[in-house]
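Report on one structure; see the data block that follows.
The values are calculated or read from the model by the stated rules, or taken from the named source; none is laboratory data. The shown structure was predicted, so the numbers you read here are calculated from the model rather than taken from an experiment. Don't worry about glycine lacking a Cβ; one is built from the backbone with ideal geometry, like all the others, and counts go over all protein chains shown. Accessible surface areas use protein heavy atoms only, side chains included; no ligands, DNA or RNA. Shrake-Rupley method; radii C 1.70, N 1.55, O 1.52, S 1.80 Å.
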Amino acid sequence: MRKILHADCDCFYAAVEMRDDPSLTHTPLAIGGSAERRGVIATCNYPARKFGIHSAMPTARALRLCPELKLLPPDFNKYRDVSQQIQAIFHELTPLVEPLSLDEAYLDVTEVTRFQGSATWMARWLKEESLARTGIVISVGVAPNKFLAKIASDWDKPDGLFVIPPTEMESFITDLPVRKLHGVGPATATKLDTLGIASCADLRAQPMDKLLDHFGKFGRRLHELAHGIDERPVNVSRERKSVSVETTYDRDLPHLSDCHTALKPLIEKLHERMARHGDPAIAKQFVKVRFDDFSSTTQETGARGIVDARFHELLESAWRRGERPVRLLGVGVRLVPEQEQRQLGLFDDDEPTSP
């Protein structure tokens, strides 16, 4: 059976700022965009969370909840440097590291012989080394698969270390609330609640046909998670699936014509970003629109290469769904999977064929 760790830095951006300025430690602190520019909170420290502030919350609302909130703009270059230091510690333990973002990663330590092969001792070592070398506290979950390891890392935050040994998997999963399952958002949670499904034990009691009827393909995934089944390996090379650019505007774009004008610089930025990624093959291009009432829509179409005019066509179609002032616009492309790109490459031949 595998031994998987999920390491997650506690309130990472805020933690870096508090490390560099200890006077902020007990002050409600958030990292995010300004209220005047209609920014959102990227993360906040635990004193701020006591006021109900959380990530993705509009900054204006956060300031209403906590007028004394200290707001700092993000310094991503600094956060990347710290993240690289922490990732280096992970790689000292095992080469099987799957970064999920700057502040979290999965580690497969099944074959690691250090610490007498104890995943719990390895997790403790990661926490100690991260704090000693970078000043950043990480929470670590230990379990036989990725799904449970991620739940475990969040179980005892902050500064947590929670272990789900194989012998306790069954009892842990049975009592687990379905809201804790990966992929269960507010809408799915509400739907499960109306069906009388509150725990994984309730979920296990449901026939597969019923789950498929109510949740489509995700019903099968719910069934698997309720039984603790997650065969996903730790993926060392994570594949980029899309490239996109988006902007939230200081003032709503009142008309479709204003949206068309605002789209042009976004398309230019997308071309620049694609060039930095080596202009990978694309499968689709899309436009994202968020209206002033916070409703969102995305319109996409198949494509073999970026056609600028097509973005404007997609914008028009997406805007017609709401016909309201727009607060956010985005453009992007979905990439051809790397495996398909390699298969297509087998048929590339610059040499002339023999008659």
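Observations on the model:
- Calculated FRET efficiency for the pair Lys284/Glu323, C-beta based, R₀ 22 Å, to 0.05: 0.35
- Three-way shape label, the chain, alpha-carbon gyration tensor, a/c 1.5: rounded
- Estimated FRET transfer efficiency (Asp75, Ala201; beta-carbon r; R0 51 Å; 0.05): 0.65
- Excluding exposed DSSP-loop GluC sites (Glu not before Pro) (at most 13 other C-beta within 10 Å), longest clean stretch of the chain: 112-230
- Accessible area per residue, Å², segment 1-108 with all protein chains present, probe 1.4 Å: 47 Å²
- Highest-MSF residue in the chain out of Ala123, Ala30, Ala281 [GNM, Cα springs under 10 Å]: Ala281
- Among the trypsin sites (Lys or Arg not before Pro) in segment 1-61, those placed in a DSSP loop whose Cβ has at most 12 other Cβ atoms within 10 Å are Arg37, Lys50.
- When only Cα pairs below 8 angstrom with a gap of at least 6 residues are kept, the chain shows a relative contact order of 14 percent.
- Taking 0.36 nm per residue of separation and subtracting the Cα-Cα distance, full extension of the segment from Trp155 to Met208 would add 16.2 nm.
- Within the listed set Asp292, Asp20, Asp213, the residue fluctuating most in the Gaussian network model of the chain (springs between alpha-carbon atoms under 10 angstrom) is Asp213.
- Net length available on complete extension from Glu268 to Ser295 is 7.2 nm, with 0.36 nm assigned per residue and the Cα-Cα distance removed.
- Candidate cross-link partners of Lys50 among the aspartates and glutamates, defined by an alpha-carbon separation under 16 Å and a same-chain spacing of 8 or more, comprise Asp10, Glu68.
- Taking amide H positions as modeled 1.01 Å from N, with prolines and chain starts lacking one, the residues under 5 Å from Ser34 and 5 or more places away or on another chain are Gly39.
- Sparse-neighbourhood loop sites, chymotrypsin sites (Phe, Trp or Tyr not before Pro) in segment 228-310 - DSSP loop, at most 13 other Cβ within 10 angstrom: Phe294
- What the phi angles of segment 141-158 give under the Karplus curve with 6.51, -1.76 and 1.60, with θ = phi - 60°, is a coupling list of x, 10, 6, x, 8, 5, 4, 6, 4, 5, 5, 5, 5, 9, 6, 10, 5, x Hz, glycine and proline written as x.
- Rounded to whole Hz, the Karplus (6.51, -1.76, 1.60) HN-Hα couplings of segment 220-230, x for glycine and proline: 5, 5, 4, 4, 5, 5, 5, 9, x, 8, 7
- Remark on segment 17-175: hydrodynamic radius 17.3 angstrom, per the Kirkwood mean of 1/r across alpha carbon pairs.
- Given Lys150/Lys217; Lys157/Lys241; Lys157/Lys269; Lys241/Lys269; Lys3/Lys180, the pairs whose alpha carbons are separated by over 27 Å: Lys157/Lys241; Lys157/Lys269
- Taking the helices alone, the chain has a mean residue ellipticity at 222 nm of -12000 deg cm²/dmol, built from -39,500 (n - 2.57) per DSSP H run of at least 4 residues and averaged over all its residues.
- Candidates Arg114, Arg64, Arg320, ranked by Gaussian network fluctuation over the chain, Cα under 10 Å, top entry: Arg320
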